[in-house]
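Right, one structure below, let's go through it.
The values are calculated or read from the model by the stated rules, or taken from the named source; none is laboratory data. If you're wondering where the values come from, they're calculated on a predicted model, not measured in any experiment. Glycine also receives a Cβ, built like all others from the backbone with ideal geometry; neighbour counts cover every protein chain displayed. Quick note on the areas: whole protein, heavy atoms, side chains included, nothing else; ligands and nucleic acids left out. Shrake-Rupley method; radii C 1.70, N 1.55, O 1.52, S 1.80 Å.
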Amino acid sequence: MAKAQGIAVSPSRVFFEGAPGETVVQALTFSNTSNMPFTLRASIKDWQRDSLGRKVYFPAATLEHSNSNWITLSTSTVTLQPGATQEVMLTMTVPEGVPKRLTNSMVFFTQTKARQSTISETPQLGVNVLLELGVQAYHDPGALAVGELNFIAFEDFGITTAASGPVRRLGVKIKNSGELNQDAHLRFELTDMTTGEELPVSTVPIAMLPGAEQWVYIDADAGLDGRYLAVAILDAGSSYDLKVAEKELTY
């Protein structure tokens, strides 16, 4: 589910499985739990992730793994009164002769409000984006290789400055060897090899597109002193083996 300011849409990820030439439909359910009405306008963009896993957006139908042109919606505008729900039908028509690979796009539902420009003496209308919900739309043609997530690097990047101040930054690089989108959790453990004390480090959720390589950074105390064993544990779910990477560190 994707939600913001009392309005939500479910599901937030849609997987179509139609064969070439088929038309398949999925329902999106919007709900408004706030005390004010909302009007959202639909648009579609292409997207991919950068080397840190952040989404980067592009005009529709510009990336080779795009399915933006295959998608239509039952309405381009969603209007919800307080407490109301509404269904929007998301339709995908799969073209004949397309390569057999996972494709994706992002369907945005955006609330906007006109504003009057105060920059010049001449009144001009602009647009303020108040909130935006995104639904990831995938097409899985079937029989794609699941593959695995694997560690391909484990590095100590030294002292760097974060929002909280100086930190010691560690990073692992992960590769998705499969042809499908993969979700996982990455857990770090840091142990003082002299005392056996374990230092708490957060768990990080990750999502990777097919064939992607992605760095995940973890920040530790900049004042670490001694010998430490850093362990990264990659958990992609019960269908996969845990992957473990280790690195000894001396500060």
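Numbers below:
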read-out: Boolean, residue 171 is open to solvent by less than 30 Å² (accessible area, probe 1.4 Å), part of a strand (DSSP E or B) and either within 21 Å of residue 48 (Cβ to Cβ) or of a type in the set (A, V, I, L, M, F, W, C) (or both); value: yes
read-out: Every pair of residues 6+ apart whose Cβ atoms lie under 8 Å, when the first sits in region 33-53 and is farther than 26 Å from residue 74 by Cα and charged (D, E, K, R) while the second is open to solvent by 70 Å² or more (accessible area, probe 1.4 Å) and part of a strand (DSSP E or B); value: 49/55
read-out: Qualifying residue in region 156-171 (condition: of a type in the set (Gly, Ala, Ser) and in contact with a Leu (Cβ under 8 Å, 6 or more places away or on another chain)); value: no
read-out: Within region 18-88, strands (runs of 3 or more DSSP E) holding 1 or more residues that are within 30 Å of residue 173 (Cα to Cα); value: 38-49, 55-58
read-out: Residue match in region 42-59 (condition: over 26 Å from residue 93 (Cβ atoms), among the hydroxyl-bearing types (Ser, Thr, Tyr) and open to solvent by 50 Å² or more (accessible area, probe 1.4 Å)); value: yes
read-out: Qualifying positions in region 183-204 - open to solvent by 30 Å² or more (accessible area, probe 1.4 Å), in a strand (DSSP E or B), over 16 Å from residue 148 (Cα atoms) and not hydrophobic (A, V, I, L, M, F, W, C); value: 187, 189, 191, 198, 203
read-out: Failed criterion for residue 24 (all others in (1) open to solvent by 50 Å² or more (accessible area, probe 1.4 Å); (2) farther than 27 Å from residue 214 by Cα; (3) hydrophobic (A, V, I, L, M, F, W, C) hold); value: (1)
read-out: Residue match in region 2-14 (condition: under 30 Å from residue 218 (Cα atoms), without any contact (Cβ under 8 Å) to a residue 12 or more places away in the chain and open to solvent by less than 80 Å² (accessible area, probe 1.4 Å)); value: no
read-out: Residue pairs meeting the criteria (Cβ under 7 Å; at least 6 apart or on separate chains; first in contact (Cβ under 8 Å) with a residue 12 or more places away in the chain, in region 216-235; second among the aromatic types (Phe, Trp, Tyr) and open to solvent by 20 Å² or more (accessible area, probe 1.4 Å)); value: 224/251; 225/251; 226/251; 232/151; 232/154; 234/151
read-out: Looking only at region 205-251, and only at residues there that are part of a loop (DSSP other than H, G, I, E, B) and charged (D, E, K, R), the one that is farthest from residue 178 (Cα to Cα); value: 225
